[in-house]
Each structure stands twice: as C-alpha cells, then as structure tokens.
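Engineer: I have a structure I would like to understand better, so I am pasting it below and will then ask my questions one at a time.
The values are calculated or read from the model by the stated rules, or taken from the named source; none is laboratory data. Owing to the predicted nature of the structure, the values given are computational and were not obtained by experimental measurement. Backbone-built Cβ (ideal geometry, glycine too); neighbour counts: all protein chains shown.
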Amino acid sequence: MFNSSAETLVISFIGLESQEVKIQPVVKVVLKSDAEVLDEVVVTGYGNFKKSSFTGSASSITTEKLEDVPTVSVQDRLAGSVSGVQITSTSGQPGAVASIRIRGMGSINASNEPLYVIDGVPMLNTNVSEFSYADSGNSLMATLNSNDIESMTVIKDAAAASLYGSRAANGVIVITTKKGAAGKTRFNVRSDWGFSNMAINYRPILNGADRREILHLGLKNYAMNQGETEADAIAFADSNIDQFAAEPWSGYTDWKDVLFRNGFHQNYEISAQGGNDRTSFYSSFSYMKQDGITNVSGYERFTGRANVTHKAGRITLEANAMFTNSNQNVNNEGTSYASPIMCYAMTASPSTFPYNEDGSFSTNFPALNGANPVQTETYNYNRSTVNRFLGSMAATWNIWDNLNVKEVISYDFNQNNERVWWDPRSNDGRSSNGVYQRVMGNRGKLNTQTQLTYNKTIAQKHNIDVLLGFETEDYRYDYVYANGNTYPSYLPEINNAGDTRAASVVNRYRMTSFLGRFNYDYDGRYYFSASYRRDGSSRLSRESRWGDFWSVSGSWRISGESFMEDIKDVITDAKLRVSYGVNGTQPSDYYAYMGLYGYGYNYGKNAGSAEETIENPNMKWEKNYATNVGLDLTLFHRLSLTFEWYNRDTKDLLMDKAISGVVGIIDGDGDANTLMNVGSMRNRGFEFELKSNNFDNENFTWTTTFNISHNKNELIKLDGSQNEMISGPLIHRIGESYYSLYAYEYAGVDPETGKEMFYKNDGTNETTTNYAEANKTIIGKVEPKVQGGLSNYVRWKWIDFNMTLTYSLGGHAYDYATWLQSNGGTYNYLGNVPAYYKIEDTWKQPGDNAKLPQFAYGNTNVQSSRWMMSTDHLRIKNLTLGFTIPENITRKWGFNKLRAFVSASNLLTWKSDGLYVDPETPVNGLCTFETPALRTVTFGIELGF
C-alpha cells in the first residue's frame, strides 16, 4: 500500500541500485547490480570475492571509462583512482619505467615495486634496458595494451597479499584481461590521433638579451668586488661580455625550438569477442606509436592477444596468450653531454648555434667541450627492440560437488635487442673513432600452480571456502654484450670494428611454495579468513631458504544486525574489517649468500680469478608485518565511504654492514661491505575513499569518486652501529623519513653585502654568510603529507564526460643541478642562466632588501634550502569528452556503436612558481635533467558491429 497522493515509487533491493519511477497501472522495473555497494568483485588471483565478503584491504577499478586515455603504460590508468598508491617516474620518454609505491617504501636494498599478476599468474615487470645512458629505461609494463584489460585490483594489506608470500611485501596489482561471452560475435574498431608536448614549462631560461644583461652585471660586480671603480668595472664588463654572450650570426638561438618538438600520437585497435554456452573467446590486435618531445625519442608497439575459455562437462579449459613487438628510441638524460634536456637547460646558451654560416655543424659549445647537441642526435642513437610472449593455460576439473582442482602453467618470455651507436663524427665517438655497443638479453619465467578448492554452505548460514595449493617458479636471465670501436667507416656493426670485445652472463633462480587459505562466514554477518604460505628460494642458503608468511583477518557486517533495521534507509551497508599478517621480500642479488670467485682477471698475462664475495649463510628474508583496520559504509543507497588505518613494520632489512677489507672484497669506492638483515622501517597512515552516485536515470548519470591518503615513513634502525647515513643532500636518519633532505638552512640575502645568509643552527637564531660556520639540518621530506585524486563521470543522453584530477600536498624535491645555482658561476657564463635569476630581484648595493643575492662572475654554489622545491600540485591527469550516436540511428547504418571522442592526459598542471620541474619527481626527490611528463591530446573514433 502507498499514499494516494504519492506520484513516484522507490524500488530497492540489497545489492541492487534503487530506482525511482512514476506510479502507473503497470510498472516494469529492472534493477541493476550496484557495483558500488555489494557486488563489486575483488579479484585476488587466488579467487574472486564479492566486496561484501572480503576481509582485506583492496581497491578495484574497471578500465571502461579510461579506454580513451592516451597513455603507453598500464600504471597510468591507476593514477588518482586508488588511495595509498603513489606513481612517479624518472623520465617522460615514451615507454619509460614508472615507480609505484603502495603504502610507502618497504625496503632499502631490495625491490619496492609491487607484484603484478595477470589472469592469475605472476608476470615480469622489470626494466629491460641494459644501458643507463637514459634515465627512462624500457618498461615491460609498456608492452601491455591497456585496452585489453577489464579491471585492476590493488591489494594493499596482508589478508590477501600473504598468499603471494615473499613477493607481496610491497602490495599486489591484479590485472584481469577481457574475456568473451556467449552470443553473437561482436567486433570493435577504434583509432585515435593526436599530439604531445611538455606538460609543464620545464626549467625556463633567460633569452639571449636578458642573459647578456645579467652576465654584464655579473662582470661589473666582479670587478667592483676586486676594488675597481664603477666606471672601470663597467669598462671591464663591456670588454669581456662578448666572450660569453655575443649575439651569433643567426641571432640568439632558442634551443627549446631546436631540440624539442610536438610529438605525434597514433593508435589503432581491433577486437572481437563472442562464443556460445561452451566456448567463448576474446581477441585483439593493436598498433600504437608515440613520439617523444625530443627529436629522437619515441615508442612503437604491435600487440596481439587471444583469450579462449571452453567447457567440456566437468572440465573448464582456459588459454590466454599475448605477443608484443616494441621499438623504443631514447635520448641520453641526466648530466650526459648528449642529453638534449641538459643542453637546453644548462649547457647550450643562446649565444651558441647549431650550424655555421656554411651549413656545417658548429663546435662553439664551451660548456660541452665542443659537442654539438644537434650533431649528436643526427648521428648517434640508442634503440631497443623487445619481443615478448606471455601465455598461460589452465584446466579446472569439478571433481565432486564444489570440490575443484585447477592446474595452471604459464610462461613469460621477453628478448631485448639494444643497440647504442656513437658515431666518429660525434663528440662521444670521436676519441675512439666510433663506438658500437650491442646487448641481446633474454628473460624467461616458468610458473606452475596446483590449486584444490572447496566451498560449501551448511544449514544455510555457515559458508566455508578452502584452498590448498602448490606452486613453482623458475626464472632464467642471460645476455651477450658486444662492443666495437675504431671504425673505418660509419657502418655500425661489430664486424666492421677494428677493436672488439664481448661478455656474457647467465643468472637463474627457483622458488617452490606451499599455500593454503580458509574463509568462513556466518549468516552474511561475521567473516573470518586465514592464509598461510611457505616459500623456498634459491636466492638464500639452505639454512635460511624457507620463509613462512601468513595472515588472519575478520569482518563484522554491522548492517546485517537487527538493531540496524530502523536506519537501513540511511545506513544501507556497514562493515568493520581487521587484518594482520606477515609477508616478505627476497634479496635482489641471486647469489649474495654464496662465497664466490670471479674469473676474467688478468694475472701475469694469463687468465686468473679472484675472490669477489664472502659466504653469507645467515642472510634471510626481509619481513613485512602489516596491520589494517577498515570501515566500509554505504549511505542512502548511493554514497559509499571507506576509511583505512594501517601500520606496516618492515624488519630484517638488508643493509650494507662494514667488514674487514681484503683483496677482491673491496669495492670500487674502496669500501668492504656485506649484506646483513639488520635494519627496520615503519610506514603508518590512513586512507579515505568516497564514491557517490549523484544521479542515475535513463538520460542523466553523474558519479563522483574522491580519495585521500597519508603515509608517514620512519627509519627505525640502520646497521646497528650508525644513527644516520648521509648521501649528498639526503640523510637517512633513525626516527626520520628515509628520504629526508639535508642541507644548510637558507636565511635570505645579507642587505649589506648581497651574499647568501644561512642559519647557524647551533641552538641560536643567528645567521652567517660563511656556510662553514653553519650546521646542516633536515630541511624537508620528499614524501608528501597527503595525496589523492578526484574523478567525475557525467553522461547526458549521448554525451559522456570523464575527468580525473590528481593532487599532492606537503612533499618536497631538491634541485640537484648544482651547476646552475652559483649566482654567476662557471656554467652561468659558459651555458644558460635559469629564468629565476631576474635582474630586478638581485642585490645591487648596500641596504638593498633583495630577493636574490648579488650576481657576480666567479661565484660558487652552496647546497641549501634555497634549492628545495615544494611539489604541491593539482593536475588534470585524464580527461575525455565523448559523443555516441543513438543506437536506433547507428543500427540503420549497420553498426551497434558509433562514438567520437577527444581525450587528454596531463592536460593542465597547477603548481608553485618555485617548482620548475615536473611535480611527479623521482622517488628520491633529487632532480637534475629528467625528461618532463608529456601532455597528450588525441581525437578518436570507435565503431562497434
């Protein structure tokens, strides 16, 4: 019954989306599954669970709304979508390696990257580049086609991660690719084209005229500091300025125009999926090409995938296969003379020029020893070709009732063919008359799994789920390196070289695992889960080889209690979760526990060997002890909130500990160390996620997702004998964040002398212009205080709009390009002057309350907090605007779907003026000359039939 004056009905059911409809004599309503409440599926790799029954901490995202985003790597789809996940990169070159931190860093000398699992099998996700000339590396994750992915689940706590044991201390990212479904075969074709440029105004510099003006002032100040009169000082500056800032024959050079470009982006995909009640399939093929913002960088990829599922009686067969061929071109980065990033920002001044008047290459580059960056990029290259096969087969046999056994075998193989050529006509290759380096590297991982599962409902209220498993992993890596130099021509092959050498390496490890899991719930209200895994790794000695990893977790679905009945329309669902467990990390070195001799030494002109490492049988697993408390709430059938508090203690960290030095053990720095399990670290923080279904009807949909997270990293113990370790402007001090910035504290400009002032930090508030009288101190932390994202999806009839914002507050980076910070030192005169040296802001005479110190020829730099930068920022990470022609029209044309869209990544960035590099800085916060992130805008079309 309902009130006779009512005009609408609200129809709802637990786990389904409520709908409001007009009252009519006959009302037909189909309630949709509410993916935001109960039926959101958490994929763990060892089973799929409804979120309502999952006792751990995990976040799942579907990629449907992100398919149009023009990105090369899969990780970019996670940005801003999952709380507690920080994504950074050392380079914006296409195909570059990204670093992902889930709830902070958990190791110092081992890996901090999460484990990636695709369709239930662990996959390789390493940097396959063998050379370090470019910071970008070559990411295996870039070999995946993001649009083959159905969903991604980020596992953060030990409740599910402990089942992965020694590989899961840094979290797990579970990737599920698209599968077929019964029905008519459906084809989907999509393509997009666009352009890329710098996402920010990277390290702006003074133009030729402004640079000449401030360099003239610096020469004048230098002379006056030597006791010259102002008139004589001006004459000195006039007579010397053309050595450093003369206008060349072609006019002042804008090196940004010369060394950078707008990159072109193109992507083409076709997919098919379908099947019947026994067999289903999904297949796809794609081609993608992304130019970088430098003249030679780019990434090209061909990807094919086929997924097939077949049911034959009690047996279900699954086969998944992917093949990728990729080609990457990169330019040097960092402080290499061949780096176009450094050349633009520091070493190629507006007074230098790429070509002489006769068209030949100029050698007028005093800061580069004559190395012309245009000549370098014309003749030299760094190219790599990666072929990757990733395949798996699985067979599941339903033995009886709900008792199933599953066998899985997978193989992940990739081959990297990398070539580096330094032409004899370039500065890098001139002294050796050409250098050609080539590496052929092969990586392969064979994984097998046996899983026995059983689930049963007893007396309608008791639900149990049991898993027993056995797993093996066999990894092999080998490479052959060849080097040739002294070339009589410009043909870069090893056979053409006058002098050659070669080297080869083989590395291998194995792991065997036993695992089990038990899940129980009572009446959909009380949940309990326990897991256990025992790993044996060949990377450790027989005495320390086996590690035990486990977890216990539980949850209470408060909304299922009778006392919640009266407020169920307000609090639709409420659940409290708690988990605790242990997982671990293996050593990065495959043979660090062994006492080894190395060959390849020259002993009296004969082949020789020497001791290289001492036996270390006590080295063991790093262990991560994780606690998580979570609260899930759903309000008014449309607002979902999740709050998490966690504590993550990592113990037995592998640290270098000093030992007695003997011949062969001393490293290249003159130190003798061995790895020991002596350190410890803590990460503690909270996460908050909000999902709101603002409107949802036939013509209008609007959903909002917001997340914020805070993590505090603290170093608890180093090697047992030291309280701190200093590395440049970084300090690793007990009780502080591992990446703490350490330098003199800048106190402004002395009004009388124009020199930089520093706080003494001796217990007083006194300042000094002599940095030797000051004490260094911790000036900031690299880790942000909070970070997160905000996403909005809006659909109105045939128009859809999706936007994701990312933000970060409270973090810092340090400008480690110290050569630019001298207020008139060598590289300011031989190279560029950063735009922050505004002549109107510099100190000129006693009594000036200036923003910048005196700019004078010959000054030197001091590492201080003046060069620390706030990484606070807000960025439009992804944006898509789509237009879908109504289906009743497209069907007349023979299509099920016809959609056009415009999409962008890193479209706009708001940051402080003092941050002149990309805000997504390297993990350690130290910035030199990294390729900034790309802003990419594309236009595309999608057809379905």
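Engineer: Using the structure shown, decide if TYR591 is under 19 Å from LEU654 (Cα atoms), at pLDDT 85 or above and not hydrophobic (A, V, I, L, M, F, W, C).
Structural biologist: Details: under 19 Å from LEU654 (Cα atoms): yes; at pLDDT 85 or above: yes; not hydrophobic (A, V, I, L, M, F, W, C): yes.
Spelling it out, TYR591 is indeed under 19 Å from LEU654 (Cα atoms), at pLDDT 85 or above and not hydrophobic (A, V, I, L, M, F, W, C).
Engineer: Oh, and also: When the stretch 86-123 is examined, which residues are found to be in contact with a Leu (Cβ under 9 Å, 6 or more places away or on another chain) and part of a strand (DSSP E or B)?
Structural biologist: Passing the criteria: ILE87, ILE100, TYR116, ILE118, VAL121, PRO122.
Engineer: Looking for whichever is among the charged types (D, E, K, R), touching a residue at least 12 places away in the same chain (Cβ under 8 Å), farther than 24 Å from GLU543 by Cβ and out of contact with any Cys (no Cβ under 7 Å at 6 or more places or on another chain) here; the options are ASP573, ASP566, ASP589, ASP656. Which one fits?
Structural biologist: On inspection, the qualifying residue turns out to be ASP573.
Engineer: Collect the residues in the stretch 899-934 that are surrounded by fewer than 21 Cβ atoms within 10 Å (Cβ to Cβ), touching a Leu at 6+ places or on another chain (Cβ under 6 Å) and more than 26 Å from TRP867 (Cβ to Cβ), keeping them in residue-number order.
Structural biologist: Result: VAL902, LEU907.
Engineer: Turning to a different aspect of this structure: Mind counting the residues in the stretch 742-784 that are among the aliphatic types (A, V, I, L, M) and touching a helix residue (DSSP H, G or I) at 6+ places or on another chain (Cβ under 8 Å)?
Structural biologist: Within the stretch 742-784, residues that are among the aliphatic types (A, V, I, L, M) and touching a helix residue (DSSP H, G or I) at 6+ places or on another chain (Cβ under 8 Å) number 2.
Engineer: Being among the small types (Gly, Ala, Ser) and more than 21 Å from TYR252 (Cβ to Cβ) is the filter; apply it to the stretch 200-238 and report the residue that is surrounded by the most Cβ atoms within 10 Å (Cβ to Cβ).
Structural biologist: Taking the stretch 200-238 first, the residues among the small types (Gly, Ala, Ser) are 208-209, 218, 223, 227, 231, 233, 235, 237.
Now restrict to residues that are more than 21 Å from TYR252 (Cβ to Cβ): 223, 227, 231, 233, 235.
Details: ALA223: 21, GLY227: 8, ALA231: 8, ALA233: 19, ALA235: 14.
Filtering the stretch 200-238 for residues that are among the small types (Gly, Ala, Ser) and more than 21 Å from TYR252 (Cβ to Cβ), the one surrounded by the most Cβ atoms within 10 Å (Cβ to Cβ) comes out as ALA223.
Engineer: Residues that are part of a strand (DSSP E or B), buried (at least 22 other Cβ atoms within 10 Å of the Cβ) and without any contact (Cβ under 8 Å) to a residue 60 or more places away in the chain: does the stretch 400-417 have at least one?
Structural biologist: no
Engineer: Identify the residue in the stretch 448-462 that is out of contact with any Phe, Trp or Tyr (no Cβ under 7 Å at 6 or more places or on another chain) and modelled with pLDDT under 95 and, among all such residues, is nearest to VAL405 (Cα to Cα).
Structural biologist: The qualifying residue nearest to VAL405 (Cα to Cα) is ASN455.
Engineer: If you scan the stretch 418-441, which residues turn out to be basic (Lys, Arg), out of contact with any helix residue (DSSP H, G or I) (no Cβ under 7 Å at 6 or more places or on another chain) and part of a strand (DSSP E or B)?
Structural biologist: Passing the criteria: only ARG419.
Engineer: Would you check if SER83 is outside any loop (DSSP other than H, G, I, E, B), hydroxyl-bearing (Ser, Thr, Tyr) and crowded, with 22+ Cβ neighbours inside 10 Å?
Structural biologist: no
Engineer: Here is a check on your reading of the model: is SER349 in contact with a strand residue (DSSP E or B) (Cβ under 9 Å, 6 or more places away or on another chain) and within 29 Å of SER146 (Cβ to Cβ)? Explain how you work it out, then say what you get.
Structural biologist: Working: in contact with a strand residue (DSSP E or B) (Cβ under 9 Å, 6 or more places away or on another chain): yes; within 29 Å of SER146 (Cβ to Cβ): no.
Spelling it out, it is not the case that SER349 is in contact with a strand residue (DSSP E or B) (Cβ under 9 Å, 6 or more places away or on another chain) and within 29 Å of SER146 (Cβ to Cβ).
Engineer: Consider the stretch 528-557. How many of its residues are touching a helix residue (DSSP H, G or I) at 6+ places or on another chain (Cβ under 6 Å), over 24 Å from LYS50 (Cβ atoms) and basic (Lys, Arg)?
Structural biologist: Qualifying residue count, the stretch 528-557: 0.
Engineer: Go through (1) surrounded by 15 or more Cβ atoms within 10 Å (Cβ to Cβ); (2) touching a Ser or Thr at 6+ places or on another chain (Cβ under 9 Å); (3) of a type outside the set (A, V, I, L, M, F, W, C) and name the single condition THR753 misses.
Structural biologist: Tallying (1) surrounded by 15 or more Cβ atoms within 10 Å (Cβ to Cβ); (2) touching a Ser or Thr at 6+ places or on another chain (Cβ under 9 Å); (3) of a type outside the set (A, V, I, L, M, F, W, C), THR753 fails exactly one: (1).
Engineer: Let me ask another. Specify which of the listed residues (ALA237, ALA209, ALA233, ALA223) is without any contact (Cβ under 8 Å) to a residue 40 or more places away in the chain, out of contact with any Lys or Arg (no Cβ under 9 Å at 6 or more places or on another chain) and not hydroxyl-bearing (Ser, Thr, Tyr). Break it down stepwise before answering.
Structural biologist: Working: ALA237 fails: out of contact with any Lys or Arg (no Cβ under 9 Å at 6 or more places or on another chain); ALA209 fails: without any contact (Cβ under 8 Å) to a residue 40 or more places away in the chain; ALA233 fails: out of contact with any Lys or Arg (no Cβ under 9 Å at 6 or more places or on another chain).
Selected residue: ALA223, the only one of ALA237, ALA209, ALA233, ALA223 that is without any contact (Cβ under 8 Å) to a residue 40 or more places away in the chain, out of contact with any Lys or Arg (no Cβ under 9 Å at 6 or more places or on another chain) and not hydroxyl-bearing (Ser, Thr, Tyr).
Engineer: Which residue, of TRP421, TRP397, is touching a strand residue (DSSP E or B) at 6+ places or on another chain (Cβ under 9 Å), assigned by TED's automatic domain parsing to the domain that holds ARG510, in contact (Cβ under 8 Å) with a residue 40 or more places away in the chain and within 25 Å of ASN483 (Cα to Cα)?
Structural biologist: TRP421
Engineer: Turning to a different aspect of this structure: Could you please find all residues in the stretch 800-829 being touching a Gly at 6+ places or on another chain (Cβ under 7 Å), of a type outside the set (S, T, N, Q) and not in a loop (DSSP other than H, G, I, E, B)?
Structural biologist: Residues satisfying the conditions are ASP800, LEU805, TYR807, HIS812, ALA813, TYR814.
Engineer: Given the conditions (1) closer than 20 Å to ALA168 by Cβ; (2) touching a strand residue (DSSP E or B) at 6+ places or on another chain (Cβ under 6 Å); (3) in contact (Cβ under 8 Å) with a residue 40 or more places away in the chain, which single one is not true for TYR527?
Structural biologist: (1)
Engineer: I'd like the residue in the stretch 544-582 that is acidic (Asp, Glu) and within 36 Å of the chain's Cα centre (by Cα) and, out of all such residues, is surrounded by the most Cβ atoms within 10 Å (Cβ to Cβ).
Structural biologist: So the residue we want is ASP573.
Engineer: Would a scan of the stretch 478-499 turn up a residue that is loosely packed, with under 15 Cβ neighbours inside 10 Å, over 34 Å from the mean Cα position of the chain (by Cα) and part of a strand (DSSP E or B)?
Structural biologist: Yes, because at least one residue in the stretch 478-499 is loosely packed, with under 15 Cβ neighbours inside 10 Å, over 34 Å from the mean Cα position of the chain (by Cα) and part of a strand (DSSP E or B).
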